[in-house]
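The values are calculated or read from the model by the stated rules, or taken from the named source; none is laboratory data. What you see is a predicted model; the values in this text were computed from it and never measured. Cβ placement follows ideal geometry from the backbone for every residue including glycine, while neighbour counts extend to all protein chains displayed.
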Amino acid sequence: MKNNIFENAKSVFLDSVDAKDYVQLDRVSTIYQSLKDSVKKPLKMILLYGKPGTGKSMFLNKLYHDLSTSQKVIIYQTPILDENEFFKSLAQDLFDVKYQGELNFTQFMSIVKKHTIDNPEVPLVLLDEAQLYPTVQMEKIRLLSDTRSVKFVITLHKTQKEDLIAKEHFKTRIWETIELENALNNELKIYIQKKLMKANCFDTANMFNQRSVNFIYKLTKGNYRDTNKLLYSLFEIYSWYLQNSPSSIKTNEISKKIVEMSAIHTGLINA
Amino acid sequence: MLNVHELERKYKAYKLKTLLPYVVIFVSLCIIFVVVLFVKSSDMFKSNEAQHNQQAVQTHLEETKITPKKEVVEKNETLKVVIPKKEPNLVLSPSLNFMSNLKHSSTFNEVSYQSVIHKDQKKESIKQEIPKKEKILKPAKKEPDPVIIEEIKLQKSNPIKIQRQITQDDLSHVLKRFSKNNNPALSLFIAKKYYDIEDYHQSYNYALITNRINDNIDASWIIFAKSLVKLGKKDEAIQTLQRYIAHSKSSQAKTLLEEIQRGKFR
């Protein structure tokens, strides 16, 4: 029975960008709401940036999940680096146009023009990991957003963002920039416990006291991805001990030793 | 697949690695503490040794101090003999510091010399008192009262004689010292002593000797001039003082010169 508890807790922290796993925190909810508001504004482009593991992809997925029922929205979680493929995918997903053969930017723009007259609603395109797109392709995305026929929300890493938005043409076009940050100490505790309680892992959620969360925060600095990795490993070790040596663990609180072991396992501690 | 045993091994190595700096610091602090303790204890041992030696010296000194007392006690029975025998231990050892002051003012020197005499008297009286105490403390077998009375008689009967004896002895001691080191302070002291006991020939001689050794001592020239006046050589004294004043601008010499010229000093 106890084994199942730790196994369930472990699965909670699988690194995924599923919108149903989204955990509402006060500060994050405010940011998300501002993103949703920005989408409704007549902006050409919205930039969502932050360090890796701060929840950008989750945000984008959540946005897609929330807006997909009310408006035309598509999401590209992995970049389509081939220009021809990118425009063909856009033509199909946005306008249901299956184009045979090569589709260049000019051809795509004529399709956009034709469909905009028929349907004045501006579709939303969510591009994750936008820093991976080639510069030429980004220039064409920028031209496309200039037509106001398609609205883009792009996410990129903070380090890349400086290169990208430093360019004059992007500076003028990006009307909204939203930065995502790591969780604060108290937010991290809420994040862990909410995540566990959503999966009905109440026993394991109660194992986290402020001391153990502080130590986890010290290791992960509030990064959601690192926290997920650490806790996944933590419950994997707990599960192993429960099966092989149940007397060597306590189930009333998180053991610092096991946190350190999982940090070693995930590479957060260089042993 | 998670290898917990391997992870535990890594964890132990990690803990060891994190604790190592603290262990090193602790051990080094311990070593420093032990070294400091050792150094301090060795210092204390040395100081104890020194103290022990000092104590040994002190006890030795005390022993040496005690023995003459015994002699004194023994000799108290014959009081008249005891007094001169004790003299070398008690007085007539004018300090050079005192003599160095003579260089600056003759009047002061006179005063200090008198004080020396007083000290001599005091010391002598103290010396005489010592046996009194010893006698009083002892069981009254030999009737202490007559002894005390005898001492008082001795003090009162001829105090001048005692002074003269001391002065002569003092002078002979200083003369010996002067013959050894030719110190002008000593020769000046001798000159002043002779002047005080009205042996003006000798005071003239020793003042002259002092002036030959060091011709910048005011007191010496003043004694020299005074001795000349006392020997009836007033003109010679005036000439000497005038020359000296021209040379040194001494105010004391000027005062004396005026006194001689006006006839105040004869």
* **Test result for residue A:63, surrounded by 19 or more Cβ atoms within 10 Å (Cβ to Cβ), at pLDDT 90 or above and touching a Lys or Arg at 6+ places or on another chain (Cβ under 8 Å)** => yes
Scanning the range A:220-258 for residues that are crowded, with 17+ Cβ neighbours inside 10 Å and of a type in the set (Asp, Glu), the one farthest from the chain's Cα centre (by Cα) turns out to be A:236
Is there a residue in the range A:126-136 that is exposed (fewer than 15 other Cβ atoms within 10 Å of the Cβ) and either over 24 Å from the mean Cα position of the chain (by Cα) or at positive phi (or both)? yes
If we take the range B:176-255, then helices (runs of 4 or more DSSP H) inside it with 1 or more residues that are touching a residue at least 60 places away in the same chain (Cβ under 8 Å) and not charged (D, E, K, R) are B:184-196, B:218-230
Restricted to the range A:259-268 and to residues being touching a residue at least 40 places away in the same chain (Cβ under 8 Å) and surrounded by 19 or more Cβ atoms within 10 Å (Cβ to Cβ), the residue nearest to residue A:204 (Cα to Cα) is A:259
Does at least one position in the range B:7-26 carry a residue that is of a type in the set (S, T, N, Q) and away from chain A (no Cβ under 14 Å)? no
**Message:** Suppose the filter is more than 22 Å from residue A:187 (Cβ to Cβ) and without any contact (Cβ under 8 Å) to a residue 24 or more places away in the chain; does residue A:69 pass it?
**Reply:** yes
Next on the checklist: Based on this model, can you work out whether residue A:117 counts as out of contact with any helix residue (DSSP H, G or I) (no Cβ under 9 Å at 6 or more places or on another chain) and within 16 Å of residue A:148 (Cα to Cα)?
Outcome noted: yes
Of all helices (runs of 4 or more DSSP H) fully inside the range A:178-271, the set with 3 or more residues that are under 18 Å from residue A:13 (Cα atoms) and within 14 Å of another protein chain (Cβ to nearest Cβ) is A:224-244, A:256-266
Residue pairs qualifying under the 6 Å Cβ cut-off, at least six apart or on distinct chains, with the first in the range A:114-134 being within 16 Å of residue A:75 (Cβ to Cβ) and the second being among the hydroxyl-bearing types (Ser, Thr, Tyr), are A:126/A:64; A:127/A:76; A:128/A:57; A:128/A:155
Only unsatisfied item for residue B:225, checking (1) at pLDDT below 90; (2) buried (at least 22 other Cβ atoms within 10 Å of the Cβ), is (1)
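To keep it simple, each residue is scored yes or no on (1) of a type outside the set (A, V, I, L, M, F, W, C); (2) touching a residue at least 40 places away in the same chain (Cβ under 8 Å); (3) crowded, with 18+ Cβ neighbours inside 10 Å; (4) not assigned by TED's automatic domain parsing to the domain that holds residue A:227.
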| residue | (1), (2), (3), (4) |
| --- | --- |
| A:30 | yes, no, no, yes |
| A:41 | yes, yes, no, yes |
| A:47 | no, yes, yes, yes |
| A:53 | yes, yes, yes, yes |
| A:59 | no, yes, yes, yes |
Given the conditions (1) out of contact with any strand residue (DSSP E or B) (no Cβ under 6 Å at 6 or more places or on another chain); (2) in a loop (DSSP other than H, G, I, E, B), every one holds for residue A:54 apart from (1)
*Yes or no: residue B:15 out of contact with any helix residue (DSSP H, G or I) (no Cβ under 6 Å at 6 or more places or on another chain) and within 19 Å of residue A:268 (Cβ to Cβ)?*
yes
